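In what follows, a single structure is set out as structure tokens and then discussed.
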Amino acid sequence: LHDEVEMGALCTIDRGSLGDTVIGEGCKLDNHVHIAHNVKIGKHCAFAGMSGVAGSAVIGNYCVFGGRVSVNGHIHVADGTQVAAMSGVSKSTKPGEIISGYIARPIHDFRREQAWIRRLPEMGELLNRIKTLLKLDKDS
């Protein structure tokens, strides 16, 4: 643990098995954060409650993780990455990327997909009306 690291209640930091587990200067870990073996976290990162980082992941500097975020092992989260709450980071990120979802992807893609999902009932009704107008049977 480097200088100025703050940890909330019930945080778990696993001892490194092949190398050290490192929490960089000025990092903030909320309650119930789990950092697995051999993880390396850069400077001034913030983890909201119930987040977890799997073994041998590397987290860059100035990254922010919302609540209940999970980070897969053996990946690199680049400097300045922001991860929305309840996201699952399964692959390495690009610097400054803002990601969301399970499985995490660029936030603009996630928001577009969510907008389409909310419209599915309306689109289903429209499809049924089109089928009726075209006299398409369900059996054909």
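So that you can scan it fast, the table gives a plain yes or no per residue for (1) surrounded by fewer than 17 Cβ atoms within 10 Å (Cβ to Cβ); (2) of a type outside the set (Gly, Ala, Ser); (3) outside any helix (DSSP H, G or I):
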| residue | (1), (2), (3) |
| --- | --- |
| Gly73 | yes, no, yes |
| Lys91 | yes, yes, yes |
| Ile99 | no, yes, yes |
| Asp109 | yes, yes, no |
| Gln114 | yes, yes, no |
| Arg119 | yes, yes, no |
| Leu127 | yes, yes, no |
| Ile130 | yes, yes, no |
Cβ-Cβ under 7 Å, sequence separation 6+ or interchain: first residue in the stretch 1-24 and touching a residue at least 12 places away in the same chain (Cβ under 8 Å) and in a strand (DSSP E or B), partner surrounded by 11 or more Cβ atoms within 10 Å (Cβ to Cβ) and hydroxyl-bearing (Ser, Thr, Tyr). Which pairs?
Ile13/Thr21
For the stretch 71-92, which positions are within 16 Å of Val39 (Cα to Cα) and of a type outside the set (A, V, I, L, M)?
Asn72, Gly73, His74, His76, Asp79, Ser90, Lys91, Ser92
May I ask you to list the residues in the stretch 7-38 that are in contact with a Leu (Cβ under 7 Å, 6 or more places away or on another chain) and either surrounded by fewer than 16 Cβ atoms within 10 Å (Cβ to Cβ) or under 18 Å from Asn72 (Cβ atoms) (or both)?
Gly8, Asn31, Asn38
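Just so you know, all these numbers are worked out from the coordinates, no wet-lab data involved. Model, not experiment: these values are computed from the prediction. Don't worry about glycine lacking a Cβ; one is built from the backbone with ideal geometry, like all the others, and counts go over all protein chains shown.
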